[in-house]
1. Starting from the Cα of residue 181, move 7 Å in the Cα-to-Cβ direction to define the label point; list residues of the range 87-123 whose amide nitrogen is under 19 Å from there.
2. At 0.36 nm per residue, minus the direct Cα-Cα distance, what do residue 48 and residue 118 gain on full extension? Give it in nm, one decimal, please.
3. Considering amide H positions built from the backbone, and no H for Pro or chain starts, which residues 5 or more places from residue 91, or on another chain, come under 5 Å of its amide H?
4. Taking all pairs of distinct Cα atoms, average 1/r, flip it, and tell me the Kirkwood hydrodynamic radius of the range 81-198 in Å to one decimal place.
5. What nm value, rounded to one decimal, do you get for the distance between residue 3 and residue 99 when each label is placed 7 Å out toward the C-beta?
6. Evaluated at 20 °C with a viscosity of 1.002 mPa s, what Stokes-Einstein diffusion coefficient in µm²/s does the range 96-158 have when Rh comes from the Kirkwood expression over alpha-carbon pairs?
7. Just the Kirkwood number for the range 149-198, please: inverse of mean 1/r across all distinct Cα pairs, in Å, one decimal.
8. What order do 107, 67 take when sorted by accessible area (1.4 Å probe), most exposed first?
Amino acid sequence: ERMTTRVKQLAYDPLSVAKQKNTLLHQQMTKRGGKQDGAEYETVALEKAVTKIVQLLLLGFGEAGSEIIQKNMQSSGGDVNPMIPGKKIAGIFGFCDIRNFTDTTEELQERVMVFVNEIAEIVHGEATKYQGQANKNIGDAFLLVWKFPPDEVYYKQSKMIIRRTNYSKNLIDLSVLSLLKMIAKLNTQDNILRYRKN
């Protein structure tokens, strides 16, 4: 029953996974000092697997893609309707690309995923720390967004305009600061610098 409720919750709001810090598995393991009963452990393990799949989908599709999937799940009984209308958002977009990725892939071979994940950890972490979000990952590229809330945006003659408030000015500054911090960390952290020897 708990598993059914969890799957329905994830179908209704896949972004809820990203918002939750304490999973049921963590709560259950803490209660019992890390031990589980056989049947209950299987349910919790299955729940953990479903949650992990949703987290990976969120990472791959990003927040915008997740919202599209969420609308599909809610409106068409789980069928995918690619013609659901989108919505305009106002935001600051950052695009990060790993240079010479083809050469890097040839050189690192199976270690290339570790390399990309170490970069992603910095890029995602700095974006999140400064009010942004990783919107989409495409192999060697990351699309980041700092979204303006709807009350910071208005339309004049069908043109989208951002209000010049302290919030919007700060968000602009935070996006630039975030990108600068990413560049600094990527050029100073030992776990990234070791790849320059290859």
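The values are calculated or read from the model by the stated rules, or taken from the named source; none is laboratory data. In this text the structure is predicted, and so the values were computed from the model without any measurement. Note: ideal-geometry Cβ built from the backbone for every residue, glycine included; neighbour counts use all protein chains shown. All accessible areas refer to the heavy atoms of the entire protein, side chains included, with ligands and DNA or RNA removed. Shrake-Rupley method; radii C 1.70, N 1.55, O 1.52, S 1.80 Å.
1. 92-97, 118-123
2. Value of the extension gain: 22.8 nm.
3. Result for residue 91 returns 148.
4. Final number for the Kirkwood radius of the range 81-198 is 16.2 Å.
5. Between residue 3 and residue 99, the label points sit 5.0 nm apart.
6. Stokes-Einstein gives a translational diffusion coefficient of 157 µm²/s.
7. Result for the range 149-198 stands at 13.7 Å.
8. Heavy-atom accessible area, descending, gives 107, 67.
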